[in-house]
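Written out below as structure tokens is the structure these notes cover.
The values are calculated or read from the model by the stated rules, or taken from the named source; none is laboratory data. All figures in this text were calculated on a predicted structure; none of them were measured in a lab. Because the Cβ atoms are built from the backbone with ideal geometry, glycine has one as well, and the counts that use them run over all protein chains shown. Note: accessible area is taken over every heavy atom of the protein model, side chains too, but ligands, DNA and RNA are not part of it. Shrake-Rupley method; radii C 1.70, N 1.55, O 1.52, S 1.80 Å.
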2 protein chains.
Amino acid sequence: MTPGPVEVDPRVLRALSYPILGQFDPEFTVLMNETSELLRHLFRTENRRAYPVDGTSRSGIEAALVSLIEPGDRVLVPIFGRFGHLLYEITERCGATVIAIEREWGGVFSPEELAEAVRRERPDLVAVVHGETSTGRMQPLDGVGDACREVGALLVVDAVATIGGVPVETDAWQLDAVVGGTQKCLSIPSGMAPLTYNDRAERKLLARKRIERGLRTAGGPEGGPEAWERQAAAVIRSNYLDLSQLQDYWSPARLNHHTEMTSMLYALREGVRIALSEGLEARFARHELHGSALAAGLAAMGLELYGDPASKLPVVACVTIPDGIDGERVRAMLLHGFGVEIAGSFGPLKGKIWRIGTMGFSCRRTNVLHTLGALEATLLRCGYRLPPGEAVQAALDVYERSGAGAGV
Amino acid sequence: MTPGPVEVDPRVLRALSYPILGQFDPEFTVLMNETSELLRHLFRTENRRAYPVDGTSRSGIEAALVSLIEPGDRVLVPIFGRFGHLLYEITERCGATVIAIEREWGGVFSPEELAEAVRRERPDLVAVVHGETSTGRMQPLDGVGDACREVGALLVVDAVATIGGVPVETDAWQLDAVVGGTQKCLSIPSGMAPLTYNDRAERKLLARKRIERGLRTAGGPEGGPEAWERQAAAVIRSNYLDLSQLQDYWSPARLNHHTEMTSMLYALREGVRIALSEGLEARFARHELHGSALAAGLAAMGLELYGDPASKLPVVACVTIPDGIDGERVRAMLLHGFGVEIAGSFGPLKGKIWRIGTMGFSCRRTNVLHTLGALEATLLRCGYRLPPGEAVQAALDVYERSGAGAGV
């Protein structure tokens with residue numbers, strides 16, 4: 001019950017164990033094409049480019065940033081938690097001049113504040129977190145895209161924690177590049193970073209593109225060696241995470257790059273297929289319901305939910321650790337006594353809050369009710385005073401009111 | 001029967017489908033420690049650092065290079081095939097001044113030639129391919145390490161194609177950093193890049209180390225924010241592939257970085273365990289035997305093996321496509337008619353050679369004999385004149401002479 005990695009659907013675990021296909025085997029390239037099509041639906045986009053980067057979520061974020069940021073570019077990074085700092089960190093390492101705007105942890109920006117900052121700073125790129133799991137906050141993004149287009153900035157979004165659990169409207173919100181995560185609301189093991197980007201983003205990539213040495217054929221394409229070398233100054237600083245090369249590998253040209261992660265691709269395809277067959281709206285409603293039931297139960301125990309309620313991320317509950325309670329001891333008792341894993345947090349929130357996820361396959365009634373029961377018993381055992389029995393009842397009330405029934 | 005990705009042992013496929021453990025679950029961190037210990041044996045090293053980078057093989061190569069090369073460093077890259085060009089490409093993107101020495105494709109350098117180049121050029125780092133699958137060549141490395149130590153250069157080796165199939169002597173050959181591949185002789189799906197490096201390499205990393213923004217605690221370690229920022233100029237250009245951060249994640253401190261690829265780690269551990277339980281020497285002998293049997297069969301068909309025989313990589317046979325034969329048509333007939341996949345090559349060798357791998361779980365007698373029979377039938381069908389029936393007999397002769405018996 002952490003904010004990832006979460007339990008994986010047994011069908012995804014089974015997909016992982018299919019035999020290996022060669023990466024240029026026609027049977028495998030069909031799987032690649034199908035995966036792209038599934039990802040377009042997941043991201044709600046008509047973008048031509050939708051494919052995974054072969055690495056964990058942050059590899060996808062770094063791929064988008066290192067490919068779209070030229071050294072010297074001005075990049076606006078709104079920060080309201082650890083993963084905003086990560087965007088700052090990566091952006092800085094890409095050679096950008098970073099303009100950070102910070103909000104105290106526990107809150108977010110309004111879209112109007114972000115749009116105003118974009119118009120004021122006129123950056124080349126804006127990099128922003130959608131679901132900030134370190135603080136359990138969700139940043140509203142609808143309305144920022146217009147300002148970005150006005151000033152010619154690309155809008156790049158870290159939707160690692162939200163994709164598949166909360167609406168992520170790539171086209172409707174005018175997001176230029178979006179990176180999703182697998183091990184959270186999609187319930188696929190960590191190891192791939194699905195992303196999508198539009199033609200505005202691709203134009204910037206193409207201007208920096210260079211065909212890899214050793215793949216250049218004797219005759220060569222138009223322009224010859226000079227053309228290949230012309231943009232050496234602007235060349236993308238990474239080869240592994242170079243989206244201009246990756247998109248060729250994922251296009252009908254299938255220009256060789258890395259050796260695709262066969263087993264992980266099976267898992268990604270199966271996991272996204274399952275998410276879409278549940279139906280995205282139904283899936284978002286399920287995450288909303290169980291997140292609410294968990295929050296109601298926690299409140300009924302007298303625990304304080306951390307942060308501004310208006311910006312609560314539906315798929316993570318952050319709980320202030322009560323005075324006098326050893327947060328790590330509670331986590332260890334939950335894990336060893338009840339087989340329930342919850343998370344701590346990072347940086348300034350280390351030791352201050354617990355984080356409980358309701359994501360993907362883990363986001364179900366049985367898990368919410370057992371977690372509440374186990375946490376109540378553990379807190380009682382640690383001497384915390386609470387009204388016994390109320391937490392689970394409060395969650396059952398939420399289920400009953402939702403029309404889902406009390407399950408009894 | 002390509003030079004990767006190859007078939008995976010069923011035990012590794014099964015390991016992939018184990019349920020997900022949380023990345024800080026004590027049960028999972030035990031698996032991480034066990035994996036490091038297994039990798040030390042695989043790489044034949046006493047190095048403290050031995051762990052996987054979460055990405056395909058080239059992510060490991062880029063991690064080693066981007067972490068060990070400071071912009072402006074002089075890097076010597078011997079090139080004798082596509083993957084030497086890849087090292088050049090990555091090294092250049094890291095901001096190095098690259099000194100390339102090239103050998104015509106089909107040959108390699110002698111260790112003495114490499115040592116002489118090192119003494120002449122006095123680079124900061126040498127990046128070299130051990131098994132060059134694009135041309136089917138193996139670069140001898142024993143003897144180069146001394147020269148590197150004399151001039152203070154780090155010796156970084158791409159052992160992607162050789163690890164687990166051919167001796168890779170990290171300590172005995174004085175290799176400072178070695179990157180292995182999973183989807184070749186280890187028969188693990190593509191998706192992780194095991195690597196190791198010694199204290200010489202680690203000293204260079206530590207000089208460039210910076211703790212990630214958002215993980216810095218309020219009090220902070222010695223030196224404060226100034227210390228964190230001091231080395232901004234030398235900071236490693238990638239966050240995802242920053243070995244100075246990854247080694248903290250893999251150390252008892254377990255400082256959070258990415259979300260470890262749970263399922264792939266299960267596969268890596270199981271695959272390396274299987275390789276070590278076979279015994280590395282027995283495994284190398286098996287690769288040598290089946291590679292020889294395949295080569296004998298190909299020669300008996302009247303086919304020409306590409307390149308200098310003295311430097312043949314035991315685990316890949318490169319075959320010159322005979323005049324008048326359409327190489328891609330033969331590959332398609334093998335795949336669709338016989339279920340046997342062989343590979344073409346890259347760049348100047350595209351359309352000129354086929355590449356047939358004998359790697360890992362695919363490296364077995366039944367596969368060698370069926371492949372020879374299928375290739376013979378396909379070539380006859382395409383009108384190529386060859387002495388029918390001799391190829392399989394020649395391979396059986398090799399098996400018989402080896403004492404392994406003819407298997408009949």
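Across region B:99-110, which residue is farthest from the other protein chains (Cβ to nearest Cβ) among those that are within 15 Å of B:Gln139 (Cβ to Cβ) and open to solvent by 20 Å² or more (accessible area, probe 1.4 Å)?
Ranking the qualifying residues of region B:99-110, first place goes to B:Ser110.
What about B:Thr2, is it buried (at least 24 other Cβ atoms within 10 Å of the Cβ) and more than 20 Å from B:Arg200 (Cα to Cα)?
yes
Considering only region A:362-388, how many residues are open to solvent by 40 Å² or more (accessible area, probe 1.4 Å) and in contact with a His (Cβ under 9 Å, 6 or more places away or on another chain)?
Going through region A:362-388 one residue at a time, the tally reaches 2.
I'm checking my understanding of the structure. Among residues of region B:65-98 that are open to solvent by 30 Å² or more (accessible area, probe 1.4 Å) and among the charged types (D, E, K, R), which one is nearest to the chain's Cα centre (by Cα)?
Top of the filtered list is B:Glu92.
Within region A:1-89, considering only helices (runs of 4 or more DSSP H) that don't extend past its boundaries, which have at least 2 residues that are within 12 Å of another protein chain (Cβ to nearest Cβ) and modelled with pLDDT of 95 or more?
Filter on region A:1-89 gives A:10-16, A:57-68.
Of the residues in region B:250-269, how many are within 12 Å of chain A (Cβ to nearest Cβ) and closer than 21 Å to A:Ile188 by Cβ?
13
How many residues, within region B:183-219, are crowded, with 23+ Cβ neighbours inside 10 Å, of a type in the set (Val, Ile, Thr) and in contact with a Gly (Cβ under 7 Å, 6 or more places away or on another chain)?
The number of residues fulfilling the criteria is 1.
Pairs please, first residue from region A:199-227 and at pLDDT below 85, second anywhere and of a type in the set (A, V, I, L, M) and open to solvent by 50 Å² or more (accessible area, probe 1.4 Å), Cβ atoms under 9 Å, 6+ apart in sequence or on different chains.
These pairs meet every condition: A:Ile211/A:Leu255; A:Glu212/A:Leu255; A:Leu215/A:Leu255.
Being in the same structural domain as A:Pro387 (by TED's automatic domain parsing), in contact (Cβ under 8 Å) with a residue 40 or more places away in the chain and of a type outside the set (Lys, Arg) narrows it down to one of A:Gly339, A:Gly324, so name that one.
A:Gly324
Working only within region A:125-154, note down all residues that are of a type outside the set (Asp, Glu) and farther than 23 Å from A:Ser67 by Cβ.
Within region A:125-154, A:Thr133, A:Ser134, A:Thr135, A:Gly136, A:Arg137, A:Met138, A:Pro140, A:Gly143 meet the criteria.
Of the residues that make up region A:154-162, is at least one over 18 Å from A:Arg49 (Cα atoms) and within 14 Å of chain B (Cβ to nearest Cβ)?
Checked against the condition, which is being over 18 Å from A:Arg49 (Cα atoms) and within 14 Å of chain B (Cβ to nearest Cβ), region A:154-162 yields at least one hit.
Tell me which residues, restricted to region B:167-182, are open to solvent by 10 Å² or more (accessible area, probe 1.4 Å) and in contact with a strand residue (DSSP E or B) (Cβ under 9 Å, 6 or more places away or on another chain).
Once the filter is applied, which keeps residues that are open to solvent by 10 Å² or more (accessible area, probe 1.4 Å) and in contact with a strand residue (DSSP E or B) (Cβ under 9 Å, 6 or more places away or on another chain), region B:167-182 yields B:Trp173, B:Gln174.
State all residues of region B:340-368 that are at the interface with another protein chain (Cβ under 10 Å from one of its Cβ atoms) and either assigned to a strand (DSSP E or B) or β-branched (Val, Ile, Thr) (or both); if no residue qualifies, say none.
B:Ile342, B:Ala343, listed by residue number.
Tally up the residues in region A:9-44 that are open to solvent by 10 Å² or more (accessible area, probe 1.4 Å) and among the β-branched types (Val, Ile, Thr), please.
Of the residues in region A:9-44, 3 are open to solvent by 10 Å² or more (accessible area, probe 1.4 Å) and among the β-branched types (Val, Ile, Thr).
Determine whether region A:150-158 contains at least one residue that is more than 26 Å from A:Pro194 (Cα to Cα) and assigned by TED's automatic domain parsing to the domain that holds A:Glu62.
Yes, that holds for at least one residue.
Select from region B:234-249 the residues that are at the interface with another protein chain (Cβ under 10 Å from one of its Cβ atoms) and hydroxyl-bearing (Ser, Thr, Tyr) and list them in ascending order.
B:Ser238, B:Tyr240
Consider A:Ala391 carefully, then state whether it is closer than 22 Å to A:Glu132 by Cβ and open to solvent by less than 60 Å² (accessible area, probe 1.4 Å).
no
For region B:119-140, name all the residues that are out of contact with any strand residue (DSSP E or B) (no Cβ under 6 Å at 6 or more places or on another chain) and surrounded by fewer than 24 Cβ atoms within 10 Å (Cβ to Cβ).
Result: B:Arg119, B:Arg120, B:Arg122, B:Pro140.
Give me the pairs: first residue in region B:240-261 and of a type in the set (Val, Ile, Thr), second residue open to solvent by 10 Å² or more (accessible area, probe 1.4 Å), beta-carbon distance under 6 Å, and six or more apart or on different chains, which are they?
B:Thr259/A:Pro5; B:Thr259/B:Gln23
Given the criteria open to solvent by less than 60 Å² (accessible area, probe 1.4 Å) and farther than 28 Å from A:Val272 by Cβ, does A:Leu313 qualify?
So A:Leu313 fails the test.
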